[in-house]
Structure formats: C-alpha cells, structure tokens
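Contents: one structure, followed by commentary.
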Amino acid sequence: MKAILAIGAALFAAHAVAQAWPAKPIRVMVPFPPGGSTDIVARIMAQKLEKPLGQPLVVENRGGAGGTIGAAVGAKAAPDGYFLTFGSTSTHVVAPSVYPKLDYDPVKDFAPISLVAVTPYLLAVNPQLPVKTVKELVELMKAQPGKLNYASAGIGSTTHLAMEMLKNVSNTFALHIPYNGNGPAGTALVAGQVEILFGSLPSLLPHARSGRVRALAVGTPKRSLALPEVPTVDESGYRGFDASLWLAFFAPAGTPQPVIDRLHKEVVAVASAPDTREALDKAGAEAITSSPAELAAMIRDGVGKYAKVVQAAGVKPE
C-alpha cells in the first residue's frame, strides 16, 4: 500500500511540475560569441519557442576555449528547467579530446533534449587571394608552404578540425590562427587579417552573398540549398570528405523528466514547422530533430569518433 501511495505521490508531483513550468523567463546559454552558427540558430529557435512556452527565452553568449567555458556554466546550472545550453559537436564530442581537464562531462552533466539543426562548413577565402577553386587553393598552399594562414573558432574547434582534415587529405600546410568563435573568425577573414577560413555556413553566408569573402566549397557530401552554386569538397577532388556541425538543446542533468518531456515536445514541433525550416534554410542550416536517447547515443559515439580525428589532425590538448 505504501509503495502504491509513493508512486501516486510521485506521479502527482511530476504532474504539478509540468503544470507549473515555465513560470518565468528561460535563459539559453550559447557558448560562443554572437554572429556564429550556434548563435544564429539558437536565436531563431529561442524566438519561435517563446509562444508555445509562454515565456521569454533570453540568449546569453559566453565564448572561449572552444565553447567549453559557456558549456561548463550550463552543466552547473540549477536543474529546474530555467537554464538551457545550446550545445554542438564542438562542446559535446570534440572538447573531451582537446581539453583533458574539461570542467564538465558531456554525457553525465547534461540531459539531452533534441537535435535542432545541422550546418555545413564553408571553405572561404579573402577575395584578395587569387584562387577561385579548391584545386587552385591547394596549388597555392603547396607553392607557398606556411606563408598562408587560416582562421578558426578556436583550438580544437570543429572549424579548426575541418581545415586540418583538408590539409591532411591535400598534403598542404598553412598557419593556424585561432579566434574566439566563428563570428570573430569571419570578421578577420573579411578584414584580410587571415586568408582562409573553413567556417560555419550560417556565419559566413552573408559575407559570401555580398562578395566580402569568396566561397570555394562546402564540407558536406551534398551541396547546400543556401548556396547551390558552390560545389562540395568531395566534388572538388577529395572523395568522402565530410565536415559539418550539429546543434542541440540540453538541460542540466537532474532536470525533472516532465520538464524535459515538455521541452522535447515543443522543440521538435517548432523545428519541424515550415516557417522555422525556411528561416533555418535561409541561414544555411538544415532542421533536424531527435529523441533525447538518440542525441545521447550520438554524443557517446561521437566522443570516440572525434578522438581519432583530433589525433590524426595533430591537435595538441590545452
């Protein structure tokens, strides 16, 4: 009898949590500076989630160390449903291999909610660089080894690894200049402070469309709907090349299950809506959702996969 009463009390408490939440604004940690792909997609989603949740979603940016500083804040936040982290491949599967003293466990410290989008990486150069194709860029890097430089969103970031992958398959060398996020890296490329960036498509898209940077190729196996005229690296002679970034919502571990369930329901509904898909397409991202269990499995599998990529790229842990 006591067991039945305990189960009933737990179900009632869970129902009460679901009914009461959310009762105040929800903070969303974006662990990168404004202007990058994570920030752009997070703001699209935050705006569209406000109506179904009935509360404002306040985006906070805290960049640094490949997104791990902001992700650590999210991991340690109170598990009450009022603090979410907009994580990515960088923060949840690459970081453990790059930062051995990581201040959070991407598996144990977060409650996955859902995937939101996948974004390609775009290989772009400053227009002053006399190349218009991947082949011409490779030839120039081989002719001037070490004289060209490339930006990234930070040491060990997926933008860093994308360029290292290209260097590896093309047997070339260029000097790495890490920045604090995709936004600053793109700004440096436009300003001519660096010559090359294999950056996130959403952050580079406005610059590519305006001609402030020259797009050479996308890193995904298929061309992007946002830039259909730009070939893939695979089409450019490097078969099997694949560089992309997934983005997802997380809550701190221990967040009540009714809150996770409600968040998952609303995130999937919003990401699947035609107007959201259109907004993400225009930003250079492709909407994609998952169950919390599927996202958790992706992270567990991804940590091992990217450990091999980091080792092959010769990225030195910080």
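The values are calculated or read from the model by the stated rules, or taken from the named source; none is laboratory data. Note that the coordinates shown come from a computational prediction; the quantities given were computed from them, not determined experimentally. For neighbour counting, all protein chains shown are included, and Cβ atoms are generated from backbone atoms with ideal geometry for every residue, glycine included. Remember, those area values only see protein heavy atoms, side chains included, never the ligands or the DNA or RNA. Shrake-Rupley method; radii C 1.70, N 1.55, O 1.52, S 1.80 Å.
Can you confirm whether the range 135-147 contains a residue that is in a strand (DSSP E or B) and either modelled with pLDDT of 95 or more or under 12 Å from Phe173 (Cβ atoms) (or both)?
Step one: list which residues in the range 135-147 are in a strand (DSSP E or B), which gives none.
No, there is no match, as no residue in the range 135-147 is in a strand (DSSP E or B) and either modelled with pLDDT of 95 or more or under 12 Å from Phe173 (Cβ atoms) (or both).
Could you give every pair whose Cβ atoms fall below 7 Å, whose first residue belongs to the range 78-89 and is within 18 Å of Pro258 (Cα to Cα) and open to solvent by less than 10 Å² (accessible area, probe 1.4 Å), and whose second residue is assigned to a strand (DSSP E or B) and of a type in the set (Gly, Ala, Ser), counting only separations of at least 6 or pairs across chains?
Gly81/Ala251; Leu84/Ala251
Is at least one residue of the range 220-231 in a helix (DSSP H, G or I), modelled with pLDDT of 95 or more and more than 22 Å from the chain's Cα centre (by Cα)?
Kept after step one, since they are in a helix (DSSP H, G or I), are these residues of the range 220-231: none.
Scanning the range 220-231 turns up no residue that is in a helix (DSSP H, G or I), modelled with pLDDT of 95 or more and more than 22 Å from the chain's Cα centre (by Cα).
Residues to consider are Pro228, Pro256; find the one that is free of Cβ contacts under 8 Å to residues at least 60 places away in the same chain and either among the hydroxyl-bearing types (Ser, Thr, Tyr) or open to solvent by 10 Å² or more (accessible area, probe 1.4 Å) (or both). Walk me through how you get there before you give the answer.
On the way: Pro256 fails: free of Cβ contacts under 8 Å to residues at least 60 places away in the same chain.
The match here is Pro228.
Identify, please: which residue in the range 178-192 is part of a loop (DSSP other than H, G, I, E, B) and touching a residue at least 40 places away in the same chain (Cβ under 8 Å) and is, among those, least open to solvent (accessible area, probe 1.4 Å)? Show your work before the answer.
So the first thing to find is which residues in the range 178-192 are part of a loop (DSSP other than H, G, I, E, B), and the list is 179-181, 192.
Narrowing further to those that are touching a residue at least 40 places away in the same chain (Cβ under 8 Å): 180-181, 192.
Numbers: Asn180: 80, Gly181: 1, Gly192: 45 Å².
Per the criteria, the residue is Gly181.
Scan the range 250-266 for residues that are touching a Phe, Trp or Tyr at 6+ places or on another chain (Cβ under 6 Å) and assigned to a strand (DSSP E or B) and jot them down.
Within the range 250-266, Phe250 is the sole residue that qualifies.
Looking at Ala208, Ala215 in this structure, which one is open to solvent by less than 40 Å² (accessible area, probe 1.4 Å) and assigned to a helix (DSSP H, G or I)? It would help to see each step written out before you state the result.
Working: Ala215 fails: assigned to a helix (DSSP H, G or I).
The conditions single out Ala208.
What number of residues within the range 75-98 are within 15 Å of the chain's Cα centre (by Cα) and either outside any strand (DSSP E or B) or of a type in the set (Ser, Thr, Tyr) (or both)?
Selection size over the range 75-98: 9.
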